[in-house]
Amino acid sequence: MALSQSDLDALDRAIATGELEVEYDGMRRRYRSIGELMQARAHVASVLSGAGSQNAAGRPAVFYRPTFTTARGD
């Protein structure tokens with residue numbers, strides 16, 4: 001399922017009105033609480049904003065700066 005801006009808009013409308021049932025991507029979904037609805041909204045927003053920044057496992061790519069010391073101590 002590819003998420004789109006219209007999916008995010010549908011979640012925003014549901015949050016604004018307090019409605020727990022949302023229709024997007026051709027399907028109807030019922031959330032248990034506004035908190036759960038807001039988590040879904042955060043997920044959709046993060047997918048839309050960072051579509052290219054995830055690795056093959058679907059997790060955000062994290063780069064670590066290696067730390068090291070030389071034999072001289074610097």
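Considering only residues that are at pLDDT below 90 and not in a loop (DSSP other than H, G, I, E, B), look in the stretch 14-42 and name the one that is surrounded by the fewest Cβ atoms within 10 Å (Cβ to Cβ). Checked the stretch 14-42; the qualifying residue surrounded by the fewest Cβ atoms within 10 Å (Cβ to Cβ) is MET27. Where residues in the stretch 43-74 are surrounded by 11 or more Cβ atoms within 10 Å (Cβ to Cβ) and hydrophobic (A, V, I, L, M, F, W, C), which of them is modelled with the lowest pLDDT? Filtering the stretch 43-74 for residues that are surrounded by 11 or more Cβ atoms within 10 Å (Cβ to Cβ) and hydrophobic (A, V, I, L, M, F, W, C), the one modelled with the lowest pLDDT comes out as ALA61.
The values are calculated or read from the model by the stated rules, or taken from the named source; none is laboratory data. Values in this document were obtained by computation on a predicted structure and should not be read as measured data. Don't worry about glycine lacking a Cβ; one is built from the backbone with ideal geometry, like all the others, and counts go over all protein chains shown.
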